[in-house]
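Some notes on the structure that comes next.
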Amino acid sequence: MNKQNAEHVFLDYDQQRLDLNYNQSAWAANASEIIAWYRAASLAAHQRLGCRSLTYGCGGSDRIDLFRANEPGAPLVVYVHGGAWRTLDRLDSAFAAEAFVAAGVNFAVLDFTSIPDARLPDMVRQVQCGIGWLSDHAAELGCDARKLLAIGHSSGAHLVASALTAETESQIAPGVVKAAMCASGTYDLEGAMLSARGAYLKLSNEEVHMFSPMRHIKRISCPIAVAYGEAETDEYRRQARALHAGLVEAGKPGDLFLVPGQNHFEVSQTLADPDGILFRGAMKLLSNL
């Protein structure tokens, strides 16, 4: 930790500024409106497309909603939702399904248990299990496991990156995830733990290290696109740039996407727009597989 100045609790942030940087709603006047849109657009996708409801474990939240493309053996996108590790669920997270299905891509919404009913390490293991289950059952589901792209937004971006790097009993074998996109996430948990969020994250120093993807970049075995919004908090912009810089330094392939003018909540909407930056970035990743 940076203790050059007694008022600095992390890097050059004092406590008030650090807390503010982990409160995205304070930087986005339309946060509640966009979160409501997540649910409305997702329910509309369920009504128009329908989905196959799957279970990958024994818990009540070990659920996957699979939206099938018409083409057999089509690529598979696995979407991991955000929500600060404690809100949102699969019914808020299908808003991009129609765009991907129309492009001939299967779209799976991976659900999991959130805080306080689970701890962050449990959530990482669930995401690892869910992605592994989808890969193992891809053929029978009509998906091509050789073209599996994992996408996460906000805390979901952290969960995707951590699922690729955390050595747990549920860890994903190298090569299972062929590419990943991490949007608007935090990739080193020290700042989050020192912020007001630490009160509910409740991680040990060992867990902070284990589940901070920035510290384990060498374990990443697939291309990763990192994205962030121009109107995100200072810390979230810094984290995105730091992850991409770490990937470049380690010789790992991947792009860095800046979404102009967009705040933390708006960034993920570009996945639902065929002309959106993240949708086009995801399709580029798939085309290279």
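The values are calculated or read from the model by the stated rules, or taken from the named source; none is laboratory data. As the structure is a computational prediction, the values presented were derived from the model and not from experiment. All Cβ positions, even for glycine, are placed from backbone atoms using ideal geometry, and neighbour counts span all protein chains on display. What goes into the accessible areas is simple: the full protein's heavy atoms, side chains included, and nothing from ligands, DNA or RNA. Shrake-Rupley method; radii C 1.70, N 1.55, O 1.52, S 1.80 Å.
Hey, could you grab the Kirkwood Rh for the stretch 135-272? Inverse mean 1/r over distinct alpha carbon pairs, Å, one decimal. Intermediate results must be reported in sequence, preceding the final value.
Details: mean 1/r = 0.0645 Å⁻¹.
Result for the stretch 135-272, one decimal place: 15.5 Å.
For the chain, with every protein chain kept in place, what is the accessible area per residue (1.4 Å probe, Å²)?
Solvent-accessible surface per residue comes out at 41 Å².
Treating each Cα of the chain as an identical point scatterer and ignoring solvent, apply the Debye formula and state log10 I(q)/I(0) at q = 0.14 Å⁻¹.
Log10 I(q)/I(0), no solvent term: -0.96.
Starting from a Cα-only point model with no solvent, please compute log10 I(q)/I(0) by Debye for the stretch 66-210 at q = 0.13, 0.20, 0.21 1/Å.
-0.54, -1.18, -1.29
Which one of Leu141, Val208, Cys58 has its Cα pushed farthest toward the positive end of the charge dipole of the chain, where Lys and Arg give +1 and Asp and Glu give -1 at the Cβ?
Leu141
Viscosity 1.567 mPa s, temperature 4 °C: give me the Stokes-Einstein translational D for the stretch 196-251 in µm²/s, with Rh taken as the Kirkwood radius over C-alpha pairs.
100 µm²/s
Taking the chain as a Gaussian network, where each spring joins two C-alpha atoms under 10 Å apart, which residue of Val248, Val109, Val127 fluctuates the most?
Maximum fluctuation in the GNM of the chain, among the listed residues, is at Val248.
Taking the Cα centre as origin and putting +1 on Lys and Arg beta-carbons and -1 on Asp and Glu beta-carbons, what dipole magnitude results for the chain, to the nearest 20 debye?
Here the size comes out at about 480 debye.
How many percent of the accessible area of the chain is carbon or sulfur, using a 1.4 Å probe?
It is 49 percent, rounded to a whole number.
Relative to the longest principal axis of the chain, what angle (0 to 90°, nearest 10) does the C-alpha long axis of helix 234-249 take?
70 degrees
What residue among Leu159, Leu141, Leu110 has the largest mean-square fluctuation in a Gaussian network model of the chain, using Cα springs under 10 Å?
Leu141
Can you give the accessible area of Ser25 in Å² (nearest 10), computed on protein heavy atoms with a 1.4 Å probe?
60 Å²
Rounded to whole Å and sorted largest first, what semi-axes of the equivalent ellipsoid does the C-alpha gyration tensor of the stretch 172-227 yield via the square root of 5 times each eigenvalue?
Each semi-axis is √(5λ); the values are 24, 13, 8 Å.
If you rank His216, His209 by how much accessible surface each has, with a 1.4 Å probe, what is the order from largest down?
Ranking His216, His209 by accessible area, largest first, yields His209, His216.
I need the shape label for the stretch 150-192. Rule: rounded when a/c is under 1.5, else prolate if a/b > b/c, else oblate, with a, b, c from the alpha carbon gyration tensor.
oblate
Based on the alpha carbon coordinates of the stretch 31-131, what radius of gyration and maximum Cα-Cα distance (Dmax) apply, in Å?
13.5, 40
Could you sort 162-173, 226-237 so that the peptide with the highest average Cβ count within 10 Å comes first and the rest follow in order?
Those peptides, ordered most packed to least, come out 226-237, 162-173.
In straight Cα distance, which aspartates and glutamates are under 16 Å from Lys202, not counting same-chain residues fewer than 8 positions off?
Output for Lys202: Asp19, Asp117, Asp122, Asp188, Glu190.
Running Debye on the stretch 73-113 with equal point scatterers at the Cα sites and no solvent, what base-10 log of I(q)/I(0) appears at q = 0.15 Å⁻¹?
-0.36
Give the angle, between 0 and 90 degrees and rounded to the nearest 10, that separates the Cα long axis of helix 277-287 from the longest principal axis of the Cα atoms of the chain.
It is inclined by approximately 60 degrees.
How tilted is helix 120-136 with respect to the longest principal axis of the chain? Cα atoms for both, answer in degrees (0 to 90, nearest 10).
Tilt of helix 120-136: around 20 degrees.
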